[in-house]
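**Student:** Take a look at the following structure, please.
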Amino acid sequence: MSKHGVQRVFQVIHITALSLWLGAVGMSGIVAATVFPSVGQMQPTLGAYPDYEGDHSLLAAGQIAGKVFLIVDSIQFGAAAIALGSLVTMLIAGYSLNTIPRVLRVITLMATMGLLSWHLFMLMPGMSEDLVLYWDYAQIGDTEQADIHKNSFMALHETAANSLKGLTLGTLISLILAVWTAIGAQSKHAE
């Protein structure tokens, strides 16, 4: 296969990975915006937490959203690795950074991956630990300790939400630049 053929194959892989990444991170916000108000309106009392005196709707919605966010973070990690690997492969195969959009494509992807790394490896571990401890203490009926961990988690909630917004925006811009430069490369090659 020619270098141009390799570039085209990995261009498709790259755009597909960015699309998957964008879809996953975008849907996580939609899931949270839907699940928490819906469960809150139901005002549930959960049998698994009979002695917890706090808001059971947060426990129920948090259990659902927590699983969704774990899946989303796994997809983000995999899609980001594929996006980076495919771009590196394109560069090795001779993809040139000879235009501003191509350079911006690389810079935007690197910045978005930096944000993802911070999100996954710096922010989320502590939040996940507080979330699990919140659920564990709620399950044994220790409302005071459960609420300490819930409040610790909630103190970083806005930061996490902003991180996801930044990841959505960065991935969207990366995808737009990837498609734009791919179309430009195709039209030049067709001439």
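The values are calculated or read from the model by the stated rules, or taken from the named source; none is laboratory data. Just so it is clear, the model here is predicted, and its values are computed rather than measured. Because the Cβ atoms are built from the backbone with ideal geometry, glycine has one as well, and the counts that use them run over all protein chains shown.
**Student:** Could you list, in sequence order, all residues of the range 63-88 that are of a type in the set (S, T, N, Q) and farther than 19 Å from Val179 by Cβ?
**Tutor:** Here is the first cut: in the range 63-88, the ones of a type in the set (S, T, N, Q) are 63, 74, 76, 86.
Selection gives Gln63, Ser74, Gln76.
**Student:** Cβ contacts < 8 Å: first residue farther than 21 Å from Ala161 by Cβ and free of Cβ contacts under 8 Å to residues at least 60 places away in the same chain, restricted to the range 13-42; second residue surrounded by 15 or more Cβ atoms within 10 Å (Cβ to Cβ) and not aliphatic (A, V, I, L, M), any location; separation 6+ or different chain. Result?
**Tutor:** From the range 13-42, the pairs are Met42/Ser57.
**Student:** Surrounded by fewer than 18 Cβ atoms within 10 Å (Cβ to Cβ) and touching a residue at least 40 places away in the same chain (Cβ under 8 Å) - does that describe any residue in the range 148-160? It would help to see each step written out before you state the result.
**Tutor:** Filtering the range 148-160 down to residues surrounded by fewer than 18 Cβ atoms within 10 Å (Cβ to Cβ) leaves 148, 151-152, 154-160.
Those left that are additionally touching a residue at least 40 places away in the same chain (Cβ under 8 Å): 160.
Among the residues of the range 148-160, at least one is surrounded by fewer than 18 Cβ atoms within 10 Å (Cβ to Cβ) and touching a residue at least 40 places away in the same chain (Cβ under 8 Å), which makes the answer yes.
A quick yes/no check of all residues on (1) in contact with a helix residue (DSSP H, G or I) (Cβ under 8 Å, 6 or more places away or on another chain); (2) crowded, with 18+ Cβ neighbours inside 10 Å:
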| site | (1), (2) |
| --- | --- |
| Thr99 | yes, no |
| Pro125 | no, no |
| Val132 | no, no |
| Ala146 | yes, yes |
| Val179 | yes, no |
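**Student:** OK, next. For the range 1-57, enumerate the residues that are among the polar types (S, T, N, Q) and surrounded by fewer than 18 Cβ atoms within 10 Å (Cβ to Cβ). Please lay out each step first, then the result.
**Tutor:** Taking the range 1-57 first, the residues among the polar types (S, T, N, Q) are 2, 7, 11, 16, 19, 28, 34, 38, 41, 43, 45, 57.
Within the range 1-57, Ser2, Thr16, Ser19, Thr34, Ser38, Gln41, Gln43, Thr45 meet the criteria.
**Student:** Specify which of the listed residues (Val12, Val72, Val35) is under 21 Å from Met122 (Cα atoms) and at pLDDT 95 or above.
**Tutor:** On the way: Val12 fails: under 21 Å from Met122 (Cα atoms); Val35 fails: under 21 Å from Met122 (Cα atoms).
The unique qualifying residue is Val72.
**Student:** Can you name the residue in the range 68-97 that is surrounded by 14 or more Cβ atoms within 10 Å (Cβ to Cβ) and polar (S, T, N, Q) and, of all such residues, is nearest to Ile15 (Cα to Cα)?
**Tutor:** Ser86
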